[in-house]
1. Can you find, within the stretch 165-185, the residue that is least open to solvent (accessible area, probe 1.4 Å) among those that are under 16 Å from D205 (Cα atoms) and out of contact with any Lys or Arg (no Cβ under 9 Å at 6 or more places or on another chain)?
2. Determine which single condition L384 fails, assuming it passes every other condition in (1) under 25 Å from the mean Cα position of the chain (by Cα); (2) open to solvent by 10 Å² or more (accessible area, probe 1.4 Å); (3) among the aliphatic types (A, V, I, L, M); (4) under 21 Å from L320 (Cα atoms).
3. So which residues in the stretch 20-55 are in a strand (DSSP E or B) and either open to solvent by less than 10 Å² (accessible area, probe 1.4 Å) or free of Cβ contacts under 8 Å to residues at least 40 places away in the same chain (or both)?
4. Looking at (1) at pLDDT below 95; (2) farther than 27 Å from A347 by Cβ, which one does A80 not meet, given that it meets all the others?
5. For V83, state whether it is open to solvent by less than 10 Å² (accessible area, probe 1.4 Å) and outside any loop (DSSP other than H, G, I, E, B).
6. Which residue pairs have Cβ atoms under 9 Å apart, sit 6 or more places apart or on different chains, and have a first residue in the stretch 441-468 that is more than 15 Å from S389 (Cα to Cα) and a second that is aromatic (F, W, Y) and outside any helix (DSSP H, G or I)?
7. Going through S209, S183 one at a time, which residue ends up being among the small types (G, A, S) and farther than 22 Å from G26 by Cβ?
Amino acid sequence: MEAGLPANPRLTRQGDAPKTGIVHLGPGAFFRAFNAIYTQEAMEAAGGDWGITAVSLRSPTARDQLEPQGGVYTSVSLGAEGVTHTLIGSINKVLVAPENPSAVLDVMADPAVKIVSLTITEKGYCHEPSTGRLRLDHADIVHDLAHLDAPQSALGFIVGALARRRAAGVAPFTVLSCDNLPSNGHLARGMVLEFAGQVDAGLRDWIASEGRFPATMVDRITPATTEADIAALEEAQGCYDPACVQHEPFRQWVIEDDFVGGARPDWHVGGAQFVRDVDAHETMKLRCLNGTHSTLAYLGYLAGYETISDTVSDAAFAALCEYLWTDEIIPTLPQPEGEDLAAYAAALLERYRNPAIRHRTWQIAMDGSQKLPQRILGTVSDALAAGRSVPGLALAVAGWMRYVGGVDDAGAMIDVRDPLAARLRELSEGAATPAAKVAALLAVEDVFSPELSAHDGFRDAVTGAYEGLVAKGARAMVQELVA
């Protein structure tokens with residue numbers, strides 16, 4: 001056998017593929033580890049023609065991986081106790097939009113299609129985040145407004161297909177954003193309506209009246225699949241599957257229950273939560289998961305831990321998470337519909353402990369100047385406004401300040417990746433004392449609001465924590481806090 005070629009036959013579909021009821025734009029690893037699995041489970045439990053026609057807006061990679069296999073692939077669940085393999089067959093076809101945009105519009109305009117779902121990343125919405133408006137100067141938008149019969153962007157395909165459906169007297173499909181963005185349904189609706197308004201005011205009004213854009217919260221860690229992973233699966237299963245996807249066992253999908261005509265798969269059989277409002281769940285995830293992830297990243301990195309699982313294997317850091325959730329984070333949260341916050345926090349700690357998921361502290365620590373306000377500082381502001389102290393979150397902020405200073409507890413240099421890295425390093429190095437360093441960094445309005453930086457109690461707590469990090473190190477400060 002020639003080196004590099006698979007030793008076993010390729011994975012193939014057995015039996016018929018399901019009929020299309022969903023078109024998905026952006027069939028990357030997360031979609032295959034998430035939407036496609038929930039959809040297969042819904043069809044297995046309750047039936048229905050909810051097969052997925054997947055559309056790649058750029059690359060033929062997903063098509064080249066999946067089409068020779070009839071759309072089937074292996075889901076590889078990486079649990080702490082071992083690996084589980086499941087065959088997923090909910091995808092019936094993969095189209096590559098640049099090769100035949102008309103074919104994509106045809107399937108999206110088919111009355112059998114009830115949902116168009118999206119995992120296109122923030123860039124795919126072609127908007128200006130600072131204003132929330134559509135970028136009419138974006139090259140794809142300029143092209144699509146002039147060539148709606150052969151679009152390039154997700155927005156162009158959605159509006160082009162909806163225009164066809166309106167002309168044919170067919171109800172619109174539900175647009176379901178599954179991107180990990182706050183208020184993703186609101187974002188999708190705003191961009192579609194703004195684009196449609198540039199095409200035809202009547203079309204815009206019809207979409208606004210008849211269309212639906214439910215918000216969602218999605219959560220499942222999906223590491224990139226490597227050639228070594230594909231080879232390991234081939235050895236374990238006896239077939240070659242370059243489309244396989246890896247993920248943690250945990251998953252959570254919270255969906256605003258607002259679909260055109262109520263048409264949707266029974267995703268709840270796989271644990272999806274249908275709610276009236278997703279906002280409280282988004283806040284829960286941002287503060288409980290992302291907030292403690294960042295805390296562990298900065299303090300764990302300073303203490304010499306490479307991954308999140310390494311960090312929480314230290315009982316002091318596990319106790320830090322439990323303290324933060326119970327005493328500082330959960331008291332600031334609105335109660336999410338149908339959610340047990342204590343159980344959610346306990347599940348997070350189990351996820352952090354999973355050694356099969358190698359989440360590097362250095363990687364999570366990237367871009368902290370952009371992440372800190374949403375993940376940690378919003379919680380701090382709400383707690384302070386309620387008259388509560390935040391020693392744990394103050395230690396997390398001090399950990400970030402120490403981290404961007406560029407030297408860890410062992411005296412090793414840190415490769416800080418942040419849009420403000422040079423400025424933050426200069427401010428830190430230009431101050432002679434811990435108190436002066438904290439004051440200089442609190443004055444960075446890109447990160448800290450003037451109200452927060454001027455709060456005496458918060459400034460004192462961060463200063464004390466920073467002094468402790470310098471004198472004792474991160475692990476000792478965490479131990480001291482939780483003891």
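1. The residue in question is R165.
2. For L384, the failing item is (1).
3. Filtering the stretch 20-55 down to residues in a strand (DSSP E or B) leaves 20-25, 51-55.
Answer for the stretch 20-55, where residues must be in a strand (DSSP E or B) and either open to solvent by less than 10 Å² (accessible area, probe 1.4 Å) or free of Cβ contacts under 8 Å to residues at least 40 places away in the same chain (or both): G21, I22, V23, H24, L25, G51, I52, T53, A54, V55.
4. (2)
5. Details: open to solvent by less than 10 Å² (accessible area, probe 1.4 Å): no; outside any loop (DSSP other than H, G, I, E, B): yes.
Taking the combined requirement at face value, the residue does not satisfy it.
6. Taking only residues 6 or more apart or on different chains, the pairs are L441/F448; L442/F448.
7. Values: S183 fails: farther than 22 Å from G26 by Cβ.
Checking each option against the conditions leaves just S209.
Rundown of residues vs (1) touching a strand residue (DSSP E or B) at 6+ places or on another chain (Cβ under 7 Å); (2) among the small types (G, A, S); (3) at positive phi, yes/no style:
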| site | (1), (2), (3) |
| --- | --- |
| K19 | yes, no, no |
| G26 | yes, yes, yes |
| F34 | yes, no, no |
| L57 | yes, no, no |
| S77 | yes, yes, no |
| L87 | yes, no, no |
| S90 | yes, yes, no |
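The values are calculated or read from the model by the stated rules, or taken from the named source; none is laboratory data. These figures come from a predicted structure and were not determined experimentally. Note that each Cβ is placed from the backbone with ideal geometry, even for glycine, and that neighbours are counted across all protein chains shown. The accessibility values were calculated without ligands, DNA or RNA, using every heavy atom of the protein model including side chains. Shrake-Rupley method; radii C 1.70, N 1.55, O 1.52, S 1.80 Å.
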